[in-house]
Amino acid sequence: MSQQISMKLLPALLLVAFSGAAGASGFQLLEQGSGLGNAYAGSAAKSNDASTIFWNPAGMTQLQARELSAGLTAVRPSFKFDNDGSRVGVFGVAGDGGDAGSWKFIPNGYLSWALNKDLYVGLGIGAPFGNATKYDKPWKGSAQSNEFDIETININPSIAYRVNETVSLGAGVSWQKINADYYRQVAIVPGLAGVKSHMSISDDAWGWNIGALFTLSPATKIGLSYRSAIQYHTDGKVDLTADGAPLSIATARTLIARGGSSDVKADLKVPDTAILSVTQQLSDRWEMLGDVSWTGWSSIQDVDIIRTSGPLYGQPAQILHANFDDTWRFALGANYKYTDTIKFMFGIAYDQTPVKNASTRLTSLPDNDRTWFTFGTQWKPAREQTVEFGLAYLYIPNTKINQNESSANPLTNRGTVTGNYDSSVWILGAQYSLAF
C-alpha cells in the first residue's frame, strides 16, 4: 500500500520541485542548465556540459565519455500594480495587490553517456514552462485573478551521432506534464460576498526535439535546434467555496443553480522554439557567443475552459483571451579566461513579449518585453569538474494594462483593470558539472 501511495505522489512532488516563475517572456523558463552568466547566448552551439541535451542534443558528441550536470536557479520577479481608473467586478474590493511576484526555485539535471566514440545517449530533466503570480488581498483585480500557478516537468531522453569531424546530429523525445491552478474572487453582488473560485487542470503529453552542430574550425561552432510544440488536452475541476464569509442557504442554492462547482476541460498548446547559435574563440582568453531564437507563442489564442458536468454542462466556465504573438529573442555573450581555473562571463539579451497590447494583457500574466543584463563565473576545482554561478537582472519597461472583462451578469462580471505595472526580475543560478 505504501509503495502505491508513493507512486501516486511522485508526479505531484516532481511538479512542485520543477515549478517556477517565468524568467523569459510569456511563461517560458530558460533556466535549463549552464549559461545564465551569458544570458544563455550560444546555447545551441557551446556544448560545454551535459545540459546541451536540452538546448541541442547534438552537442553531446563534444563531451567526454560520461558527464553529469545538475543545477538550481532562483527566480524573483516583481509585479507592482498602480491603479489608473479600474472598474472592479467584485463589490467593495479595493487595494493594488502589493507585489504579485515571489521567489521560486527551478532545478535541472542531465546525464550524457558515450556508447562509442561517435554515438551518445543522454537524459535531461527540467521545467521549460512555469508561472507564479499571487496578489495580496484585497485588490481591485481579484475578480480576474488572485493567484495563478503553472508547473511543468519535462523528461527528455536523447541521442546524438557524430557524422564526421564537422557535423553532429541529435534528437530526443519529451514526456511533459503540466499542472495549472487559478484562484480568483467570484464577481458578485453584495449579497454573495465572500465566494472564491479555484480552478485546477492538468495533463501530460509528448513532444520531440532535434539539433545539428557544425564545427567549422577549432574556433568556430554553429548550432541549430528545434523543440516541438506540445498539445495538451487538460481536464480538472472548478470549485466555489466560502472565502472569509459564511454563505447563506439562498447563496448556496444560487451557486448550485448557476453551475457552481463542476468538472472542466481545456485545450492548450505550448509553443515550439527554434534556435540559431554561434560561438567564436577570438583569442586564448576571449570567446564570443551569439543567439537568435524564435518561439511560436501564437499557438495560444483564446483558452476556452469548458464545463463537463453539472447544470451548465458544455458551457464555458471561463475564457482566457491571451491572443499571443510569436516572439524573437536576441542574445550576445562573452567569456574571459582569467586563469586556467577561472573564467568570467558576461551577457545581454532582448526578449520580446507575446502580449500584443494593454487590452490583451492578463492580470495573471502581466508580461512585457525585457532586457537581460547578466554576469557569471566558472571555476574548475579539478580538470573533470566545473562549478558555474550566474546573476541576471531583467529590466522590464512600464507595463500598461487595460483588461476589460465586464459583463451585465453579476456572476460573470470581472470588471476592468486599468493601470500600470512596475516590474523587474532577478535570477540567481548555480550549476555543477562532472566528467567521469
*So for the pair residue 166, residue 380, with labels modelled 7 Å out along Cα→Cβ, what separation do we get in nm?*
2.8 nm
*If the limit is 19 Å between Cα atoms, which of 177/356; 356/400; 221/380; 134/269 go over it?*
177/356; 221/380; 134/269
*asked:* Could you give the length gained by full extension between residue 196 and residue 155, i.e. 0.36 nm per residue of separation minus their alpha carbon distance, to one decimal place?
replied: 11.3 nm
_Which one, 44, 59, 111, is farthest towards the positive end of the dipole of the chain when Lys and Arg carry +1 and Asp and Glu -1 on their Cβ?_
111
*So, by mean Cβ neighbours within 10 angstrom, what's the order for 49-56, 345-352, 314-321 with the highest one leading?*
49-56, 345-352, 314-321
_0 to 90° range, to nearest 10: angle between helix 2-17 axis and the chain longest Cα axis_ = 80 degrees
*asked:* Give me the one-decimal nm value for the distance between modelled label points at residue 267 and residue 358, 7 Å along each residue's Cα-to-Cβ direction.
replied: 3.4 nm
_region 28-145 shape via C-alpha gyration tensor axes, a/c threshold 1.5_ = prolate
*Taking the Cα centre of each part, how many Å lie between region 129-154 and region 277-349?*
20 Å
*Highest first, please rank the peptides 72-80, 212-220 by the mean number of other Cβ atoms sitting within 10 Å of their residues.*
72-80, 212-220
*What residue among 88, 387, 311 has its Cα farthest toward the positive end of the dipole of region 11-420, where the charges are +1 on Lys, Arg and -1 on Asp, Glu, each on the Cβ?*
88
*So, by mean Cβ neighbours within 10 angstrom, what's the order for 110-119, 126-135, 150-159 with the highest one leading?*
126-135, 150-159, 110-119
*Pairs of Cα atoms under 8 Å, at least six residues apart: use those to get the relative contact order of the chain, whole percent.*
19 percent
_Given Cβ point charges of +1 (Lys, Arg) and -1 (Asp, Glu) and nothing else, what value in debye, to the nearest 20, does the dipole of region 11-420 about its Cα centre take?_
260 debye
*Give the residue from 339, 138, 199 lying farthest towards the positive end of the charge dipole for region 11-420; charges sit on Cβ (+1 for Lys and Arg, -1 for Asp and Glu) and the dipole is referred to the Cα centre.*
138
*Multiply the residue gap between residue 68 and residue 84 by 0.36 nm, knock off their C-alpha separation, and tell me the result in nm, one decimal place.*
0.7 nm
*By how many nm would the segment from residue 276 to residue 115 grow when fully extended, if each residue of separation counts as 0.36 nm and the alpha-carbon distance is taken off?*
55.2 nm
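Any read-out appearing in this document is the output of simple, stated calculations on the displayed coordinates, not a laboratory observation. This is a predicted model, so every value here is computed, not measured. Reconstructed Cβ throughout: ideal geometry from the backbone, glycine too, with neighbour counts over all protein chains shown.
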